[in-house]
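Below: the structure, in structure tokens.
The values are calculated or read from the model by the stated rules, or taken from the named source; none is laboratory data. Keep in mind that what you see is a predicted model, and the values were worked out from it rather than measured. Cβ placement follows ideal geometry from the backbone for every residue including glycine, while neighbour counts extend to all protein chains displayed. Note: accessible area is taken over every heavy atom of the protein model, side chains too, but ligands, DNA and RNA are not part of it. Shrake-Rupley method; radii C 1.70, N 1.55, O 1.52, S 1.80 Å.
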Amino acid sequence: MKSLRIILPAIFALLGAPVCFALPTTHPGDVLLPTMDGRVILFHPENGTWEDYASLGSYTHPTGIVREPSGNFLIAEKAARVILRLDATTGAVSIFAQEDNQYVLYNPEDLTLGPDGAIYVAEANDVARVDPVTGAQALVTPPYSFWLGVVGIRAGADGLLYIVSETQGWFGVGWLNPTARTWGHVSQNGLLVSPLQLEFQADGSLLVANWDWNTTELLRIDPSTGAQSTLVAGLDEISIPGIARDANGGDYLTAVPWLDEYTATTGKLLHFDGAHLTTLADFPFGVHGLYVFPGTPPVPTKSSTWGGIKGKYR
């Protein structure tokens, strides 16, 4: 049963009444995950448990999530074509930006905070800039750039945006200069069949989740040369729509059944320490994007291969 902290805000929101409830206490390394049953949960890696954090109400297709400098969270909602703002003090959810008549935010997939403080949105065939104050939107991809199926986006230390495109014929990793509206390929073909998500590593390389026809794998991509190498292979037919770094130098990943990224009723939270992939939790709901609270989290003392909940943090 959902707690009153989750049910009551949803009722008050329907009535138009203000809501102010104390949110669960977060710790360094905790993981925040919007779910496909209309919630946001807080996962505690030190003991493998999770609890309700906030309600998304009828929004059941959340994708990317990013934290604003104010501390609040923005969540892309693909089906409703909106970006939601989750108040980190009260847990209240409101619409921050929505699709306009120019088809911006038509298919929001992922979010990243740019070096200029703006929110950049990977949205199917384009990348959009959203003003962090007004919510005003503008496309930053060049006209007819043909980056079809843009599903992941991250801001690089060099001021560029890095994206992955999963559509066959255009799949690959690319860079985008949002100011000049220029772009180019970082890496294409080779091991890349259908890249799903990406995240920068401490050495500047990219960790890329990639579907390789019958299995999913984790690749390392050098953004300066485009060189590819396989880190983990043979992950069955799953999709990895979310990757986020932790302070220990590892990565948290979400996983759902393949071809079920937006309607999944089950999901997993994984951890990759650079050598071993550990399953931390099996969820009875789908998950997509995720946010890791900063600070030094507990260090994994056990690792496991793909499978059940074998690896725990202690």
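Can you say whether L84 is modelled with pLDDT under 95 and of a type in the set (A, V, I, L, M, F, W, C), as far as the supplied structure shows?
no
If I go through region 115-134 residue by residue, how many of them are open to solvent by 10 Å² or more (accessible area, probe 1.4 Å), in a loop (DSSP other than H, G, I, E, B) and not charged (D, E, K, R)?
Summing the residues that are open to solvent by 10 Å² or more (accessible area, probe 1.4 Å), in a loop (DSSP other than H, G, I, E, B) and not charged (D, E, K, R) in region 115-134 gives 6.
Among the residues of region 225-246, is any farther than 21 Å from R154 by Cβ, open to solvent by 50 Å² or more (accessible area, probe 1.4 Å) and in a strand (DSSP E or B)?
No - not one qualifying residue is present in region 225-246.
List the strands (runs of 3 or more DSSP E) inside region 247-289, counting only whole elements, that have at least 2 residues being at pLDDT 95 or above and over 16 Å from E217 (Cα atoms).
Output list reads 277-283.
Among the residues of region 92-114 satisfying the criterion of being of a type in the set (F, W, Y) and either in a strand (DSSP E or B) or touching an Asp or Glu at 6+ places or on another chain (Cβ under 7 Å) (or both), which is least open to solvent (accessible area, probe 1.4 Å)?
It comes out as F96.
Can you name every residue in region 24-52 that is open to solvent by 10 Å² or more (accessible area, probe 1.4 Å) and either of a type in the set (F, W, Y) or closer than 24 Å to V151 by Cα (or both)?
Within region 24-52, the first condition is being open to solvent by 10 Å² or more (accessible area, probe 1.4 Å), and the residues that meet it are 24-28, 36-37, 39, 44, 46-52.
Hits for region 24-52 are M36, D37, R39, W50.
Pairs under 6 Å by beta carbon, first residue farther than 13 Å from L33 by Cα in region 263-289, partner open to solvent by less than 50 Å² (accessible area, probe 1.4 Å) and of a type in the set (S, T, Y), six or more apart or different chains?
Here the result reads H271/Y252; H271/T278; T278/S304, each pair linking region 263-289 to a residue that is open to solvent by less than 50 Å² (accessible area, probe 1.4 Å) and of a type in the set (S, T, Y).
Looking at (1) under 16 Å from the mean Cα position of the chain (by Cα); (2) modelled with pLDDT under 95, which one does V208 not meet, given that it meets all the others?
The one condition V208 does not meet is (2).
How many residues does region 67-86 contain that are surrounded by fewer than 20 Cβ atoms within 10 Å (Cβ to Cβ), in contact (Cβ under 8 Å) with a residue 60 or more places away in the chain and in contact with a Phe, Trp or Tyr (Cβ under 8 Å, 6 or more places away or on another chain)?
Count: 2.
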